[in-house]
Amino acid sequence: MTAPRLEIDLDKLHHNARTLVARLADRGISVTGVTKAMLGSPEIADTLLRAGVSALGDSRIENIETMRGAHVPASMTLIRTPMLSQADRVVAHADLSFNTELDIISRLSSAAQKAGKTHGILLMVELGDLREGIMPGDLEHTVRQTLRFPNIALKGIGANLACQSGVVPDAKNMAELSALADSIDATFGPRLGIVSGGNSSSLQWALSGADTGRINDLRLGESLLLGREPLHRQPIDGLHTDAITLIGEVVESKVKPSQPWGELAQAAFGEKPPATDRGPISRTILALGQQDTDPSGLYPPPGIEILGASSDHLITDSGRRCLDIGAEITFQLNYGALLRAMTSPFVAKVTTARARPRSTARTTRGPQPTGRGPGDLIRLRTSCRASIVDTLRAVVRSARARSRDADHRPASHRNRAPHRRDVCHHQIERSPERGRLRSCR
Ligand SMILES: Cc1ncc(COP(=O)(O)O)c(C=O)c1O
């Protein structure tokens with residue numbers, strides 16, 4: 001299979017989403033699944049919906065259009081303030097958008113009138129993190145003006161924390177959001193169906209047992225996809241942190257000195273040579289670089305250390321082991337590394353699942369993607385299916401050959417039919433040609 005590639009385990013993703021949906025449901029809070037790090041993949045959207053998220057949110061109208069084009073059956077929210085230049089597209093494809101500027105709401109109103117639709121608005125309030133948001137003292141005025149626009153329906157208010165400045169969602173700022181919702185409803189009548197209390201960073205507060213007040217929705221991305229909370233990047237109890245992994249392939253494997261020689265000037269990406277001389281080390285180079293991901297956000301497997309990266313190369317110290325050329329290394333990754341890998345045209349995206357339910361959401365109609373861009377996941381998925389079929393055939397052929405010879409697998413694995421995930425593991429970990437470790441010192 002081609003590398004580098006992101007492997008997305010839909011079963012683990014489903015588990016993460018279902019677990020958080022259930023935990024938050026106990027607190028009276030629904031989940032908007034944020035798909036922006038998944039390029040609006042209809043297959044992943046479908047997985048999140050099956051797990052019980054009540055709506056989908058994305059920061060890019062292009063991703064929402066991709067999901068609409070694939071007939072994903074969900075309410076969709078644009079979670080970034082719309083650009084004036086995209087107002088028509090926002091009204092055409094998003095049910096709801098997050099807003100802070102009356103000029104933009106005015107343009108959305110005109111676009112909605114033209115389209116003969118009503119567009120939903122959620123007003124974002126500034127609670128101290130200093131990214132988007134109306135200052136609390138200006139909220140009442142903004143609501144009054146918003147209610148005057150034709151074809152605009154005010155659906156709720158919300159806030160975003162722990163993004164620009166790392167402000168932690170807590171009892172105080174969440175109570176402030178609840179109080180603002182109460183005050184708006186008291187002044188204008190009950191209008192605010194949604195009070196959106198933030199992103200994955202609000203989980204700690206929401207699940208702490210604190211009074212959740214009017215907060216009835218959270219927008220979750222990182223926690224669903226990577227199983228970590230973003231305040232301290234700790235694993236969330238009971239969730240998978242490896243639902244999505246990045247696989248790179250070894251293209252050079254040599255014992256070399258740990259320090260460069262010759263006169264030193266600037267390196268391509270400002271890397272500094274190591275402070276101490278470790279003597280000769282196993283320098284393993286993977287065809288994976290800044291064009292593919294954020295190398296500083298990769299977590300290598302035990303025994304492998306990342307030394308640096310350039311545009312196209314990831315340089316590692318593989319300790320006492322030399323990895324074969326063609327060996328594949330699996331990395332876990334943080335949100336930044338995931339975003340860059342997902343949006344890199346050089347990284348293949350491969351989904352795996354034990355059993356895929358049939359779903360109308362994955363029937364693509366209308367124009368098919370033609371070039372590299374947001375729609376590529378669909379095309380790559382299709383080619384991935386073809387390669388999975390090829391791989392399955394190869395596995396069956398080799399299993400038959402093996403059963404003719406001696407069965408070398410551990411007793412616990414004998415008589416077990418290969419399913420899709422085995423195929424991937426087989427390729428990555430067990431293939432005799434790939435990934436074999438040899439001792440080099
Ligand atoms: C407004 C808004 N809400 C929610 C999210 C999701 O954040 P997280 O991935 O931390 O859950 C983001 C960022 O992606 C965002 O910008």
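Structural remarks
- In terms of the mean number of neighbouring beta-carbon atoms within 10 Å, the peptides 334-343, 227-236, 214-223 order highest first as 214-223, 334-343, 227-236.
- Selection from Ile79, Leu24, Ile215 lying farthest towards where the dipole of the range 9-226 points positive, charges on Cβ: Ile79
- Per-residue ³J(HN,Hα) for the range 295-302, Karplus 6.51 cos²θ - 1.76 cosθ + 1.60, θ = phi - 60°, Hz, x for Gly and Pro: x, 6, x, 9, 10, x, x, x
- Student exercise, the range 9-226 dipole from Lys, Arg, Asp, Glu Cβ charges, in Debye to nearest 20: 420
- Pairwise centroid distance, computed over Cα atoms, of the range 230-286 with the range 107-131, Å: 44
- Relative protection proxy for 89-100, 72-83, from highest mean packing down: 89-100, 72-83 (other beta-carbon atoms within 10 angstrom).
- Nearest-0.05 FRET efficiency for Ile325 and Arg278, computed from C-beta distance (R0 22 Å): 0.40
- The relative contact order of the range 9-226, computed from alpha carbon pairs under 8 Å that lie at least 6 residues apart in sequence, is 19 percent.
- Partner lysines whose Cα lies under 27 Å from the Cα of Lys254, excluding those fewer than 8 positions away in the same chain, are identified as Lys272.
- Contact order normalised by residue count of the range 1-106, Cα under 8 Å, 6+ apart, percent: 20
- Where only C-alpha atoms are counted, convex hull volume of the range 9-226 per residue in Å³: 110
- Taken over the range 241-310, the percentage of Cα pairs per 5 Å bin, counting from 0 up to the bin with the maximum distance, is 3, 12, 22, 26, 21, 10, 4, 1, 0.
- Here the peptides 8-21, 198-211, 101-114 are ranked by packing, the mean other Cβ count within 10 Å, and the order with the highest first is 8-21, 198-211, 101-114.
- Most simply put, the range 9-226 has about 0% antiparallel DSSP beta bridges, counting only bridges with both residues inside it.
Read-outs: derived from the displayed coordinates by stated rules, not from any lab. Bear in mind that the values here come from a model prediction, so they are computed numbers and not experimental data. Because the Cβ atoms are built from the backbone with ideal geometry, glycine has one as well, and the counts that use them run over all protein chains shown.
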